[in-house]
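Just dropping this structure here.
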Amino acid sequence: MLYVVIGLILAIILVIGYGAWMRKKSYSAIDHAEERRMELINRPVAQELAKIKKLKMAGDTEKNFEKWRSEWDKIVAAELPSIEKDLFKCEELTDKYHFKKAARRIKELHERMDEIGGQIDQIIVELNRVVDSERQNRDDIQTVKENYHTVKKTMLTQRNQFHETLPRLDQEVKAIDDAYKKFGSETENGNYIEARNCLLQVKKDLAIVMKQLSRIPSLYQDAKKSIPELMRELQKGKDEMEEKGYSLKYLQMDIQIEENEKHLQTILDSVARMELDEASEALTNIHEQIDFLFAQMEKEVLSRQELHQIAPEVEGNLERVGNQVKTLTNETETVKNSYHLDVTDLKTQLSIQKAFDKIQKDYSALDEIMKNSSQPFSTITDNLKKIREDMEHIESESKAFEAKIKALRKDELAARDTVQQMKHTLFEVRQLIQQSNLLGVPSAFAEALELAGRTLNEVNEKLDEMPLNMTEVRQTLTTAQNAVGGIHQTAAKLIETAEFAEEMIRYGNRYRTDSQEINKELNEAERLFRDFDYDAAAETAVRAIERKEPKILKRVNLYDEAKSQV
């Protein structure tokens, strides 16, 4: 029973607690809804409506003002007070613990306030549109008036400069007049938004017409005066140059001038139709074409002057290079009798000759053209420059080939001189060996000496051949140099080693009776010496002596140093 009572008490406590929490939540929602209602009441609609009262109360402005004021009065006097009453009912429902009904009612009230807020926003947007239109009209009207008067003044004072465009310009200006008058009428009637649209159209049309008024006179000036004068000047210059012998047919100037004259009429028609961008682009193209033709005429004058400077130079160079090529051909034939020339060298000489023959042919043809003036001087000058460049290339190749030919004789003399030096080296080596009184020389040294002599003979044989093949001479000479190189030093070292071995054997004889081993090694050293193996003989003799005198080599070195200092 006690547990039942306790359970009931806990249930009551929970119910009371839940009820208190829900009441607090519901009152909080009611307070939030009341805050929204007060925010709507405090929206600055009345202040915005006061701005409208300062404007001309007529037409759309007056009609809309009454509409906006009526809507705002209804919101303030009826709809928001009705919401306030409903909020009181929500409080009563909350006090009676009808929380769900209260929540539904509060939700409905928020939806109604959403609608009212949107209605207020729309009123303010429409209000501001009228007010902003009036303000912007006041800001723009002064500039529009100035531009309007400028257009009217220009049309009056410069009327003769607009030629065929006058009817269309008059139509455009009349349309601006009508729109400008309508702006004034709409403003007077309080239709500020429509007045704004009219003013914007006037502003836009004025900008277009002002740009047209600034461009049309210059387009007519260009098409009717400037370009025709340039074409007359071009025609006059062409006639004068042709009388002086210039060939200008390649420019087809008569055809281009005639086409441009026809094109000018098309351009004037475009201007009359107010197609000003197309007309301007077409005039620019004609100017570029005329500039190109003047530039080409100037180029012909400069080319003729340059031609008078280059022609004598090229003619002199042609003679000089021709003599050089002829001399090279003769030298090549002479050299072929004494030296072997490979196929590449012969092809090079033949190529030089053929290239020069072609240059002579080209120059002869060009000289005939120069005499007849049958081509533009610019073309003749360019061709003459090409001939000059080709001659410079041939001259460079000719000099290089000539130097190569001359190098053959120089290389031959150098090879013969080198052979003589190597022969002298071998003679000195043989004398050195003979004067040393050696029993003989090692077989390797004898073979090297024999190889050096044989290779020298081969070089001599190559040098005696006719025609002389310098490539083979260089190859055999290199082989001989490798064979002879260092042989003199090898011979000196060989003699020195033999003398040292002989000295060590004699020195070791004092110890023969002291040791059988020493006696045996010295006998071996003598045998090696007789077999011309002087290195092994010296090593064996030293090894035998070291049995008695371990520092014999150091003593010998010190003795040699002292001897060399003396």
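Which Cα, out of LEU169, GLN201, SER218, lies furthest along the positive dipole direction of segment 109-224 (beta carbon charges, K/R +1, D/E -1)?
Value: SER218.
Taking just the alpha-carbon atoms of segment 270-322, what radius of gyration and Dmax come out, in angstrom?
Reported Rg and Dmax, both Å: 22.0, 69.
Next up: With each pseudo-label sitting 7 Å past Cα toward Cβ, what's the ASP178-LEU553 distance in nm, one decimal?
With each label placed 7 Å out from Cα toward Cβ, I get 12.8 nm.
Please list, in order, the residues from segment 162-205 whose amide nitrogen is less than 13 Å from a point placed 7 Å along the Cα→Cβ vector of GLN136.
Within reach of a label on GLN136, which here means backbone N under 13 Å from a point 7 Å along Cα→Cβ, segment 162-205 contributes 192-204.
Using a simple spin-label model with points 7 Å from Cα along the Cα→Cβ vector, what separation in nm is obtained for ASP382 and GLU111?
My value for the distance between the label points is 8.8 nm.
Beyond a 28 Å Cα-Cα separation, which of these cross-linked pairs lie in this structure: LYS299/LYS386; LYS244/LYS386; LYS326/LYS410; LYS399/LYS423; LYS152/LYS182? Could the numbers behind the result be given before it?
Numbers: LYS299/LYS386 18 Å; LYS244/LYS386 26 Å; LYS326/LYS410 22 Å; LYS399/LYS423 36 Å; LYS152/LYS182 18 Å.
Flagged as over cut-off: LYS399/LYS423.
Next question. Given 10 Å bins starting at zero, what is the percent of C-alpha pairs of segment 349-391 in each, up to the one with the largest pair distance?
Bin by bin from 0 Å, the calculated values are 28, 50, 18, 4.
I'm a student and want to see the number: the projected area of the Cα convex hull of segment 220-304, averaged over all directions, in nm².
5.3
Let me ask something additional. Could you estimate the translational diffusion coefficient of segment 466-556 from the Stokes-Einstein equation, with Rh from the Kirkwood formula over C-alpha pairs, at 10 °C and 1.306 mPa s, in whole µm²/s?
Numbers: Rh = 15.4 Å.
Reported coefficient: 103 µm²/s.
Extending each Cα 7 Å along its Cβ direction at LEU166 and ALA403, get the distance between those two points in nm, one decimal.
8.3
Then there's this: Give me Rg over Rh for segment 168-211, both radii from the alpha carbons and Rh done the Kirkwood way, two decimal places.
With Rg and the Kirkwood Rh in hand, the quotient comes to 1.03.
Computed on alpha carbon atoms, what radius of gyration and Dmax characterise segment 187-252, expressed in Å?
Spelled out, the Cα radius of gyration and Dmax of segment 187-252 are 25.7, 81 Å.
Still on this structure: Using a cut-off of 15 Å between beta-carbons, work out the net charge of the residues near ALA175 (Lys and Arg +1, Asp and Glu -1, ALA175 not included). Intermediate results must be reported in sequence, preceding the final value.
Details: positive: LYS152, ARG168, LYS174, LYS181, LYS182, LYS203, LYS204; negative: ASP170, GLU172, ASP177, ASP178, ASP205.
Value of the local net charge: +2.
Values in this text are rule-based calculations from the coordinates and carry no lab data. Computed from a predicted model, the values in this text were never measured in an experiment. With ideal geometry, Cβ positions are generated from the backbone for all residues, glycine too; neighbour counts draw on all protein chains shown.
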